[in-house]
Every structure is written in C-alpha cells, then in structure tokens.
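Structure first, commentary second.
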Amino acid sequence: MVGFEPTTTCDNLLGKQMRYHCATPADALNYSTHPFLAQVSSPDYISVGTSLPTFLIFLSFPNRGVCGIISGRGVMCEATMPLCVADSKERSVKSVFNPLRALLGLFSLDIGIDLGTANTLVAIRNRGIVINEPSWVAIHKRTKQVLAIGSEAKEMVGRTPADIVAIRPLRDGVISEFDVTEKMLDYFIRKSHDGLLLSVPNPRVVVGIPSGVTEVEKRAVYDATISAGAREAYLIEEPVAAAIGANLPITEAIGSMIVDIGGGTTEVAVFSLGGMVVRRSIRVAGDEMDEDIMNYARQKYNLLIGERTAERVKMTIGSAYPLPEEKTMAMRGRNLITGLPDSVEVSSIEIREALSGSVNVIVEEIRNALDETPPELIADLMEQGIALAGGGSLLQGMAERLSEETRMHVYVAEDAMTCVARGAGKVLEDFDAFRRVLALTQRNGRVRR
C-alpha cells in the first residue's frame, strides 16, 4: 500500500471485519489485518471502487467528509462495510457509499430547503436565501416529461392545453407525487449550484418537514432528497427551523413560541432548553384560505374563480382584523349561470368574512397550545411574546387578531416567509450544536438522524 496518510486517529474499530467482492479476488485486500483499522476514528463506512489501474479507499466520517485515502493496485474492486459509531445514541443507517459522490461532495454546497406546499426556498450555508420559487411543476400527461418547474410552471396554471398539466407535488406539507417531487428537488439543487464548475452536485441537505407527519411521510421526503442527488439528507421539523430562523432562544432555559402558517399546514410550538414542550400541527393554512375565497365567490356571486385569482385577492385585500382603511378590488371569473365572463367588486370586509372560518381554526389551535403550556413558560411568553412565521402570517391584521385573542404580544418575525429556510441554513452553519434538534426517522428498528 502506498500514499497512506491518516488524518485522524481513534481506537474504536478493533476487531471489525470487512466484507468485499472483487473482479479479481487476488486484488482484494484483507483490511481486517491492516494496522490502519486500529487508527481510524469511527467512520460510517469504508468503500473502494474504481476502474482505473489504482484504486482509492474513501473513509467517510460524521460531519467531516473524506478523512483518509489509501491508494494501491487493484482492478474493478468494490467493497462496502458499515462500521461502528462511537456514540450509540448517534448511530445512523446510511445507504451504500458511493466514492464519486463523496469526491463531488467536497466541491458541493451545504443547503437548507423549505420544501413547502406553496413555495420552495433554498438557503446556502453562510450565503442566505438563493431561491424562492413556487412549488409547481408542469408535466406532459402522456410521457410524464417535466416541462417547467417553479415560477415558469405557475404561470401555466389554468392556461395549459389538454396534454399538459401543472401540478403541485406536495399537499398539506407532505409529498403526494414522489417522482415529480424528486425532479423538482433535483432542479432546485442544481440551480443553487449555478456558477460552480460542477455539473453533478452532491450537497449535504437539511429539509424542513411538518411536525405532525408520519414515519412514512418522513421517509418519502428523505428518499426523494437522496434520489435528487444529495449525498446526505437530514430532516428538521418546520417549527424548529422557523424558530431558529426567527432568532428565538430555543436552547435557553426560557420559554419561546412560534406560529408557522404556511401553505398547507399551520405549526404551533413552545420551546425551552432546546426541545418542544408543546407542539400542534393542523392542515389548515394558506391553501384553505384560498379555497374559502373560491367558495365565497361561488356561493354569493355565482362566480367561478381559479386558485391564482383567489390567492391574489387574499394577498391584496384579505385580512384577519379590521383595517384602518378598508379596500376593494375587482374579482374576475366565469358566471356559473350565464357561462360568460364576469367581474364583481369585492371589499376587504367581505373577504375577511370569507376567511373567518380558517382564521378561527388557527386561533383556536393557538389557544389550545397555550392551555397545555406550563405556567412558568406562560410567564416567559408574556414577556417574550409570540412570533409569527410563514407566508400565511403576512395576512393583514393576523398579528393584531392573535394579540387580541391571546392577550399577549404577537409580532411577525423579520422576513417571515423565509424563516424555515434560513433556520435550516443556520443548522448547517453550526451542525454539531444543532444536530440534536434534527428529526428522527425509523427504519428496520433503527434510528436515522
């Protein structure tokens, strides 16, 4: 063996055996007898693979990338071996290691993704938000070919011919179209690496998920992220990421509260000492508000409007609390009686009435969360206030309405729509400190963090 320079030492691998297979058995190495094994610091796995006259052994360590390389003679030699992890509480189960991915990973960026129902945001470690686009994908019905993603796809909504459909691959914060979500993630990962001399990026990715999802739904997000090209994928619950992005002191011995109103879900959480003391998640958020406006227009004016029109009305004159100056706007669609185009003038008072059902559900969920919160933390919250995050928190008068209902100070976090993505990015900036707040997924009785 030549060219061997270990970059770290440890004493945790004695007695480990390696299973391997080679095109030429004579070229295989018996790693269990090599003194190197007594010096390696608990790698997740060892892998050998190349078609060149020499081969490389890549050793992957938690949070440290490739830490040691051995070169020597060999032909088409491949081997993988899961090794022990020093702390059994941090044990992880990883897919078969790919040396090429590890090498590309050295030149890839670490990114945090807010995989939202309405919008997908991407933050790069130490750079901030680089992508903020709608979670829409346009595909060909017959061939399933992806034609457009993001803003371009959203512009096609309601305007596509019969053989093209624009869809949102996530509903209520979880994946409903796995293959389409995978392609969308691949697009955003590649786009975040624009300008780099790397055609196949393999980044480390932290993805936000709703706190109320099942193990199956968690696994779907993880698999889609890995399939999209990530070399490592970690999940973080959206209220945790939003709280980190909003700069709440969640790791301190003081109570803090976040309400994340997204497109598909509303997350309510109370934090103390780095954990969630109370958590609640409901699938009532921005999408439900859009449907409320569509139903109101249909029932009161016999007017059929689309999702984009309803969203535009909500953002322009929608409110949860009386405005200092009420507004009006024209709402255009098709008259259900005549079948002809029609337009009606609606006021912010009418839209507030239309949104009252969804807003009341969110208010009630927050009141229930406060009812479950220990009194000492309630005292902290009365001083700290309640932070609002997510696109739904930008509804006019939402903070004032919640402040009136809870009798506490409620405020909208700075740049509320990007809190989850920025929080995921901050986790990557100080991964070791925030590792314990990442979500767990279970598979075959083991824990993946």
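The values are calculated or read from the model by the stated rules, or taken from the named source; none is laboratory data. Since this is a predicted model, take the numbers as computed values, not measurements. Neighbour counts are summed over all protein chains in view; Cβ atoms, including those assigned to glycine, are modelled from backbone coordinates with ideal geometry.
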Next item on the list: May I ask you to list the residues in the range 202-223 that are under 11 Å from the mean Cα position of the chain (by Cα) and not in a loop (DSSP other than H, G, I, E, B)?
Entry: VAL205, VAL206, VAL207, GLY208, ILE209, LYS218, VAL221, TYR222
Margin query: Could you go through the range 345-355 and let me know if any residue there is under 25 Å from GLU238 (Cβ atoms) and either over 29 Å from the mean Cα position of the chain (by Cα) or of a type outside the set (S, T, N, Q) (or both).
Written below: yes
Item checked: Counted residues, the range 237-261 - those being within 11 Å of LEU388 (Cα to Cα) and free of Cβ contacts under 8 Å to residues at least 60 places away in the same chain -> 1
Note to self: What's the number of the only condition in (1) within 26 Å of LEU388 (Cβ to Cβ); (2) surrounded by fewer than 16 Cβ atoms within 10 Å (Cβ to Cβ); (3) modelled with pLDDT of 95 or more that GLU345 fails to meet?
What the structure shows: (1)
Item checked: Positions within the range 122-147 being under 25 Å from SER108 (Cα atoms), under 16 Å from the mean Cα position of the chain (by Cα) and not polar (S, T, N, Q), in sequence order -> VAL122, ALA123, ILE124, ARG125, GLY128, ILE129, VAL130, ILE131, GLU133, PRO134
Next item on the list: Of the numbered conditions (1) surrounded by 24 or more Cβ atoms within 10 Å (Cβ to Cβ); (2) part of a strand (DSSP E or B), PRO239 fails exactly one; give the number of that condition.
Entry: (2)
Margin query: Just the residues that are part of a loop (DSSP other than H, G, I, E, B) and either over 21 Å from GLY116 (Cβ atoms) or over 21 Å from the mean Cα position of the chain (by Cα) (or both), please, taken from the range 382-438.
Written below: GLY385, LEU395, GLY397, ARG407, MET408, HIS409, ASP430
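Residue-wise test of (1) modelled with pLDDT under 95; (2) assigned by TED's automatic domain parsing to the domain that holds VAL410; (3) in contact with a helix residue (DSSP H, G or I) (Cβ under 9 Å, 6 or more places away or on another chain); (4) closer than 27 Å to GLY208 by Cβ.
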residue: ALA269; (1), (2), (3), (4): no, yes, yes, yes
residue: SER272; (1), (2), (3), (4): yes, yes, yes, yes
residue: MET276; (1), (2), (3), (4): yes, yes, yes, yes
residue: ILE293; (1), (2), (3), (4): no, no, yes, yes
residue: TYR296; (1), (2), (3), (4): no, no, yes, no
residue: GLU307; (1), (2), (3), (4): yes, no, yes, yes
residue: SER319; (1), (2), (3), (4): no, no, yes, no
Checklist line | Qualifying residue in the range 193-207 (condition: free of Cβ contacts under 8 Å to residues at least 12 places away in the same chain and either buried (at least 20 other Cβ atoms within 10 Å of the Cβ) or under 17 Å from ALA228 (Cβ atoms) (or both)) | finding: yes
Check: Within the range 269-291, is there a residue that is at positive phi and either crowded, with 19+ Cβ neighbours inside 10 Å or free of Cβ contacts under 8 Å to residues at least 40 places away in the same chain (or both)?
Finding: yes
Next item on the list: Mind listing whichever residues of the range 210-236 are in contact (Cβ under 8 Å) with a residue 40 or more places away in the chain and either outside the structural domain of ASP186 (by TED's automatic domain parsing) or polar (S, T, N, Q) (or both)?
Entry: SER211, THR225, SER227
Note to self: Need pairs with beta-carbon distance below 6 Å; first residue free of Cβ contacts under 8 Å to residues at least 40 places away in the same chain and hydroxyl-bearing (Ser, Thr, Tyr) and within the range 391-414, second crowded, with 19+ Cβ neighbours inside 10 Å and not in a helix (DSSP H, G or I); sequence gap 6+ or separate chains.
What the structure shows: SER403/VAL410
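Can you pull out every residue in the range 332-344 that is out of contact with any helix residue (DSSP H, G or I) (no Cβ under 6 Å at 6 or more places or on another chain) and under 20 Å from MET289 (Cβ atoms)?
Here is the first cut: in the range 332-344, the ones out of contact with any helix residue (DSSP H, G or I) (no Cβ under 6 Å at 6 or more places or on another chain) are 332-343.
If the condition is that a residue be out of contact with any helix residue (DSSP H, G or I) (no Cβ under 6 Å at 6 or more places or on another chain) and under 20 Å from MET289 (Cβ atoms), then ARG332, GLY333 are the ones that fit.
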Notebook entry, point to check: Can GLN384 be described as modelled with pLDDT under 95, farther than 18 Å from LEU273 by Cβ, surrounded by fewer than 21 Cβ atoms within 10 Å (Cβ to Cβ) and out of contact with any Gly (no Cβ under 6 Å at 6 or more places or on another chain)?
Noted result: no
